[in-house]
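Read-outs throughout are calculated quantities, based only on the coordinates presented, and are distinct from any laboratory measurement. Note that the structure is predicted; figures quoted are calculated from it, not measured.
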């Protein structure tokens, strides 16, 4: 997968917030044990309003860093390893 500059910018902005980095780390850690992390688990591990958590998750999903699977009112997430790897490859190319 090759990322265009607009996609790289969107990913960079999404990762530019400490709460979003924490969410990514929580999902990655949880997904090493299970395939998905339930949205409720994210909320119980971060002391923010649910609407704020939803906003952060939305930013990560919009940047395609998280894959969302919704079942009615329940949602679960996992890290999009393909997009994350492409982003890391892009950054590695910058260093030459």
With axes computed from alpha carbons, what is the tilt in degrees of helix 50-62 against the longest principal axis of the chain, rounded to the nearest 10 within 0 to 90? 30
The chain, relative contact order in percent, only Cα pairs under 8 angstrom and at least six apart counted: 34
Obtain the radius of gyration and the Kirkwood radius of the chain from its C-alpha atoms and give Rg over Rh. 0.98
For helix 81-95, report the angle its Cα long axis makes with the longest principal axis of the Cα atoms of the chain; keep it between 0 and 90° and round to the nearest 10°. 40
For region 48-67 and region 1-33, write down the distance between their C-alpha centroids in whole Å. 10
Show that you can apply the helix-only estimate: for the chain, add -39,500 (n - 2.57) for every DSSP H stretch of four or more residues, divide by all residues, and state [θ] at 222 nm to the nearest 500. -20000 deg cm²/dmol
Can you tell which of 65, 48, 15 shows the greatest fluctuation in a Gaussian network model of the chain with Cα springs below 10 Å? 48
